[in-house]
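Student: This structure is in structure tokens; I'll ask about it shortly.
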Ligand code: HMG
Ligand code: MG
């Protein structure tokens, strides 16, 4: 059985853009975020407060958050790797933040320049200050089925890191297949292992579509009882520190799937499609979303 409702976490303005060489200015990022909100997307990861030397595309996040016209029912979240990022996110009035760990040591080193344990130590002060300020913190685990440097990742490894983040106070744990290698079988096993330690309703899935398995993996996750799905408009995305990683599953394709299953998202597909074309035009390439291209060809 499927859930009646699924929450879409739109990561396009962050994950979607962070790997794009062509710099998108703050005005266009804001226009994208506002179009997504107007399409009914209620949770938008709108930027990240990381080192601009590491991820130049995200250097305008402060401006984006400051100048954004906000809808009261929409969460505008920011990715923050450490206290410096958290403070910048708060100064720019992010609605909530996300910390990001990994189930693979090598990826942790490449992505945030520290070990898994060190990353958890860096997250602790964020949790403490966020709690005192009543700011919700989401937690990511990367490389939940495979790592670009270590290959297959054992489900137990994922479960252990996810549980640590959850026990630190993250209200939701997003399970990231960073390089999109998961299949229905490996994803099901991984979710099962994590759900032994964390209630299913506290989990989200975050699939990159490198091997074209993301929609199938989402379907599997829904059948396992997951009710929160991360996706990126136009199928944008990729992590600069995960070699070979391609875009996130396209939000348009996820909404089409969920519409077909009669699952509520609150999102208007036509408005979503037009937001996808808006940013794709800015990037000078068509959306990766098959649904988007099919609608245009009609
Ligand atoms: P570091 O070099 O170890 O940091 O980088 P440091 O504390 O030693 O500081 C070095 C310099 O960075 C200093 O500046 C700091 O001020 C600056 P300098 O004195 O040299 O001029 N710095 C910062 N600047 C701005 N904002 C900050 C910040 N922190 C330090 N928050 C750091 C550590 C984490 C900063 C770095 O490794 C980094 O920024 N990494 C980028 C990571 C990233 O954004 N990756 C992509 C997102 S994760 C992802 O995509 C996966 C996900 O989608 C899930 C999935 O798909 O699996 C979430
Ligand atoms: Mg990602």
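The values are calculated or read from the model by the stated rules, or taken from the named source; none is laboratory data. Remember, predicted model here, so these are calculated numbers, not experimental data. Cβ: placed from backbone, ideal geometry, glycine included. Neighbour counts: every protein chain shown.
Residue by residue, here is whether (1) closer than 26 Å to residue 141 by Cα; (2) more than 16 Å from ligand 2 (Cβ to nearest atom) holds:
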residue: 20; (1), (2): yes, no
residue: 28; (1), (2): no, yes
residue: 31; (1), (2): no, yes
residue: 38; (1), (2): no, yes
residue: 53; (1), (2): yes, yes
residue: 60; (1), (2): yes, yes
residue: 74; (1), (2): yes, yes
residue: 77; (1), (2): yes, no
residue: 85; (1), (2): yes, yes
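Student: Give the residue that is nearest to ligand 1 (Cβ to nearest atom), with candidates limited to residues of the range 156-183 that are without any contact (Cβ under 8 Å) to a residue 40 or more places away in the chain, in contact with a helix residue (DSSP H, G or I) (Cβ under 8 Å, 6 or more places away or on another chain) and assigned to a loop (DSSP other than H, G, I, E, B).
Tutor: Checked the range 156-183; the qualifying residue nearest to ligand 1 (Cβ to nearest atom) is 182.
Student: Would you please list the contacts, defined by Cβ atoms under 7 Å and residues six or more apart or on different chains, that run from a residue in the range 75-87 that is over 11 Å from residue 123 (Cα atoms) to a residue that is within 6 Å of ligand 1 (Cβ to nearest atom) and outside any loop (DSSP other than H, G, I, E, B)?
Tutor: Taking only residues 6 or more apart or on different chains, the pairs are 78/48; 79/48; 79/100.
Student: Within the range 221-255, how many residues are more than 11 Å from ligand 2 (Cβ to nearest atom) and either crowded, with 21+ Cβ neighbours inside 10 Å or modelled with pLDDT under 95 (or both)?
Tutor: Within the range 221-255, residues that are more than 11 Å from ligand 2 (Cβ to nearest atom) and either crowded, with 21+ Cβ neighbours inside 10 Å or modelled with pLDDT under 95 (or both) number 15.
Student: Can you tell me which residue in the range 3-17 is nearest to residue 263 (Cα to Cα), limited to those that are outside any loop (DSSP other than H, G, I, E, B) and more than 12 Å from ligand 1 (Cβ to nearest atom)?
Tutor: 5
Student: How do the pairs read when you match residues in the range 124-149 that are within 17 Å of residue 177 (Cβ to Cβ) with residues anywhere that are more than 13 Å from ligand 2 (Cβ to nearest atom) and at pLDDT below 95, using Cβ under 7 Å and keeping only pairs 6 or more apart or on different chains?
Tutor: That search, which allows pairs on different chains as well, returns 148/243; 148/244.
Student: So how many residues does the range 74-104 have that are surrounded by fewer than 22 Cβ atoms within 10 Å (Cβ to Cβ) and more than 11 Å from ligand 1 (Cβ to nearest atom)?
Tutor: 8
Student: Which of (1) crowded, with 20+ Cβ neighbours inside 10 Å; (2) in a helix (DSSP H, G or I); (3) touching a residue at least 40 places away in the same chain (Cβ under 8 Å) does residue 215 not meet, given it meets every other one?
Tutor: (1)
Student: Being out of contact with any strand residue (DSSP E or B) (no Cβ under 8 Å at 6 or more places or on another chain) and within 16 Å of ligand 2 (Cβ to nearest atom) narrows it down to one of 125, 199, 148, so name that one.
Tutor: 148
Student: Pick from 20, 45, 63: which is touching a helix residue (DSSP H, G or I) at 6+ places or on another chain (Cβ under 7 Å), in a loop (DSSP other than H, G, I, E, B) and either in contact (Cβ under 8 Å) with a residue 24 or more places away in the chain or buried (at least 20 other Cβ atoms within 10 Å of the Cβ) (or both)?
Tutor: Details: 45 fails: in a loop (DSSP other than H, G, I, E, B); 63 fails: in a loop (DSSP other than H, G, I, E, B).
Selected residue: 20, the only one of 20, 45, 63 that is touching a helix residue (DSSP H, G or I) at 6+ places or on another chain (Cβ under 7 Å), in a loop (DSSP other than H, G, I, E, B) and either in contact (Cβ under 8 Å) with a residue 24 or more places away in the chain or buried (at least 20 other Cβ atoms within 10 Å of the Cβ) (or both).
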